[in-house]
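All remarks here apply to the structure that follows.
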Amino acid sequence: MERPLTRNIDPGRGPLDLAAYEKAGGYQALRKALTTMAPAEVTAMVQQSNLRGRGGAGFPTGRKWSFVPMGDNAPRTKYVVINADEMEPGTFKDRLLLEGDPHQMIEGIIISAYAVQARTAYIFLRAGYTEAYRRLEAALGEAYAKGYLGENILGSGFGLTLALHESAGRYICGEESALLNALEGKRALPRARPPFPPVVGLWGKPTVINNVETICNVPHIVAHGAEWFRGLSRGTDGGTKIFGASGKVRRPGAWELPLGVTIRELLEEHAGGMRDGLKFRAVLPGGASTDLLTAEHLDVEMDFNAVQKAGSRLGTGTMIVVDDRTCIVGLVLNLIRFFARESCGWCTPCREGLPWIADILAAIERGAGEPGDIEILREHCQHLGLGRTFCALAPGAMEPLQSALKYFEEDFQRHISERRCPWV
């Protein structure tokens, strides 16, 4: 099984330095792109690879790049921004790549910038990732010293300035337009769209924003071709995916596997199954802002379309596994409290609705719930749903709640009728 993203990563040592990365084939894809391919050919290859964004939304990467104005009449100033603000609860895949193989991402950024003819790029890094910051800073220094960054890279006439920016430390910064505001030194508020960032982005200029894992795939696509990349997957979407599992499993962790691996295979073969004495009850398949799935979904393939068809989202592909001794009401309350705290406060449904939901859930959990509370929660799932708020934070927060009410309404009813949490 090929694992291009993690082939250089060894948890027992630090990341490869530049010389070792080159020895392993690093920066050869950059050389190929800059010396044998036109920018449009790079974009076309990424489109043909069926690479979809690994940050959660799954938007086709090459298609996003194709929206950037090109040609003589296009703006001369363009940007590439890497969203490394990994703050989705339960998600830790990008940290593995940032700390384990920083040169891989740097190479991917340079190739991506060449494809859209951007001369400046930024890595927007989660504030708490101090070790990743240190390792990226060292790798950037090596890349500049070797001439992979700066002016006239490999004699191609193309140059790139790449800067590392530490996040403001809020979850909303991971929303791409709020990220742009934060990068500009403003309050991290989402922007109205359209216009979209590939046309009007950072400082009003065309901007491509991609996730860490997404951009790390780019050197491998250029090096081996679109057909090879598509062949790594078990479905129509191209490539491998870094999947993760947290919760009360025997071996929590992250693994690079083909897109389309089943939830059962992830849980039983890679995470080792549930801990002794515990049974599987549910899973959040793609991080905290995805709908719960149950035992009937264990054979669902972990790719974008299959998980959506099952009623959830692939999201970041990092599963939060729920056992039979974990209170579903308490679980959802914990998540809603997080999202309420991290709301930017820009729109009323999110600013006022999330704390209200948290208060209702807290009352139910401590045994003070009322029979009408469940219907109020259901109404809020609609009021804070897609299209009702300025960005996707509140709709994402509703996904674990609406699915908990769908599959585990009896748990909520027991809390209310017994006037206590049955799992205490």
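Okay, residues lined up against (1) within 19 Å of CYS421 (Cα to Cα); (2) touching a Leu at 6+ places or on another chain (Cβ under 8 Å):
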residue	(1), (2)
ARG281	yes, no
VAL300	no, yes
THR316	no, no
CYS327	yes, no
LEU331	yes, no
GLU342	no, yes
Tabulated pairs, segment 47-68, first not assigned by TED's automatic domain parsing to the domain that holds LEU314, second polar (S, T, N, Q) and assigned to a loop (DSSP other than H, G, I, E, B), C-beta under 6 angstrom, 6+ apart or interchain: LEU51/ASN217; GLY56/THR316
Residue that is over 29 Å from ASN50 (Cα atoms) and of a type outside the set (Gly, Ala, Ser), where the choices are TYR171, TYR133: TYR133
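Going through ARG31, ARG13 one at a time, which residue ends up being among the charged types (D, E, K, R) and within 17 Å of LYS146 (Cα to Cα)?
Exactly one residue qualifies, and that residue is ARG31.
Among the residues of segment 4-42, count how many are at pLDDT 95 or above and part of a loop (DSSP other than H, G, I, E, B).
Residues meeting the conditions: 15.
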Residues of segment 150-174 classified as out of contact with any strand residue (DSSP E or B) (no Cβ under 9 Å at 6 or more places or on another chain) and within 18 Å of VAL208 (Cα to Cα), total: 1
Number of positions in segment 389-414 that are under 16 Å from ARG366 (Cβ atoms) and touching a Phe, Trp or Tyr at 6+ places or on another chain (Cβ under 9 Å): 1
Condition met for GLY201 (at pLDDT 95 or above and either under 27 Å from ARG337 (Cβ atoms) or buried (at least 23 other Cβ atoms within 10 Å of the Cβ) (or both)): yes
Segment 225-243: number of residues that are free of Cβ contacts under 8 Å to residues at least 24 places away in the same chain and either in contact with a Phe, Trp or Tyr (Cβ under 8 Å, 6 or more places away or on another chain) or crowded, with 16+ Cβ neighbours inside 10 Å (or both): 1
Any pair with Cβ under 7 angstrom, 6 or more apart, that starts in segment 154-174 at a residue that is assigned to a helix (DSSP H, G or I) and ends at one that is loosely packed, with under 15 Cβ neighbours inside 10 Å and not hydrophobic (A, V, I, L, M, F, W, C): LEU154/THR35
Answer residue from segment 14-61, given it is within 16 Å of GLU213 (Cα to Cα) and among the basic types (Lys, Arg) and is nearest to the chain's Cα centre (by Cα) among those: ARG54
Pairs, first closer than 18 Å to LEU5 by Cβ and among the aliphatic types (A, V, I, L, M) in segment 22-43, second modelled with pLDDT of 95 or more and not in a helix (DSSP H, G or I), C-beta under 6 Å, six or more apart: ALA24/ASN8
Residue in segment 317-332 that is under 25 Å from TRP255 (Cα atoms), in contact with a helix residue (DSSP H, G or I) (Cβ under 9 Å, 6 or more places away or on another chain) and among the charged types (D, E, K, R) present: no
Filter result for THR326 (among the hydroxyl-bearing types (Ser, Thr, Tyr), more than 18 Å from the chain's Cα centre (by Cα) and under 21 Å from LYS406 (Cα atoms)): yes
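Name the residues in segment 195-218 that are assigned to a strand (DSSP E or B) and of a type outside the set (A, V, I, L, M), would you?
THR207, ASN210, ASN211
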Breaking point among (1) modelled with pLDDT of 95 or more; (2) surrounded by 14 or more Cβ atoms within 10 Å (Cβ to Cβ), for ALA145: (2)
Count of segment 10-38 residues which are crowded, with 19+ Cβ neighbours inside 10 Å and among the hydroxyl-bearing types (Ser, Thr, Tyr): 2
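Just one of PHE158, PHE92 is modelled with pLDDT under 95 and hydrophobic (A, V, I, L, M, F, W, C); which is it?
PHE92
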1 or more residues among the aromatic types (Phe, Trp, Tyr) and surrounded by fewer than 22 Cβ atoms within 10 Å (Cβ to Cβ): qualifying strands (runs of 3 or more DSSP E) within segment 249-337: 253-258, 280-284
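The values are calculated or read from the model by the stated rules, or taken from the named source; none is laboratory data. This one's a predicted model, so the numbers in the text were calculated from it and none came from an experiment. FYI the Cβ positions are ideal-geometry reconstructions off the backbone, even for glycines, and counts take in every protein chain you see.
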